[in-house]
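Below is one structure; the comments refer to it alone.
A short reminder: the numbers here are calculations on the coordinates, not readings from a lab. Only a predicted model underlies this, so the values are computations on that prediction, with no experimental measurement involved.
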């Protein structure tokens, strides 16, 4: 007879798989790209597990516009809440995702999901992407890019890497806010 922790692990795995599949189907609005949906669901799903290297990021809110509902704005103001903005227009182009954690830092990260049809297929596409990367970095954004192949091969790994890189970018600010000398 199987029970106890083994049964609980199986049930949680089934629940997580069911929720991820449902989210993949339901998040088609605003995210037509399958690789964007995979990466987004990975990022959104991993935050509640509070992995050590993602520690400053405690909760997650999602928006596709700057017009936040007052309750959502209040939740974002809570310490450690990650804001994922979908299809955000900034500079002179639309970013797939913009990450921010306004309660801790002013730093933001742009994440681009590079599908073969729109990135790296021609020299012009590659040059446009490199130009956008430079513009974003000059404007103070952290720029992260993942190929469609990377995302299909390991969506949770890409999500974890993106969140970890972003959290690391403001680690000192987070420790300072807690009154901890991290040096």
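Before moving on, here are some points about what is shown:
- For the pair the stretch 31-66 and the stretch 122-175, the centres of their Cα atoms are 14 angstrom apart.
- DSSP-defined beta bridges in the chain - what % are antiparallel, rounded to 5: 50 percent
- Equivalent-ellipsoid semi-axes for the chain (Cα gyration tensor, √(5λ), whole Å, largest first): 27, 23, 16.
- Whole-number percent relative contact order across the chain, with pairs defined as alpha carbons under 8 Å at least 6 apart: 20 percent
- Value of [θ]222 nm, deg cm²/dmol, for the chain, DSSP H segments ≥ 4, -39500 (n - 2.57) each, nearest 500: -15500 deg cm²/dmol
- Based on the reciprocal of the average 1/r between different C-alpha atoms, the Kirkwood radius for the stretch 83-176 equals 14.0 Å.
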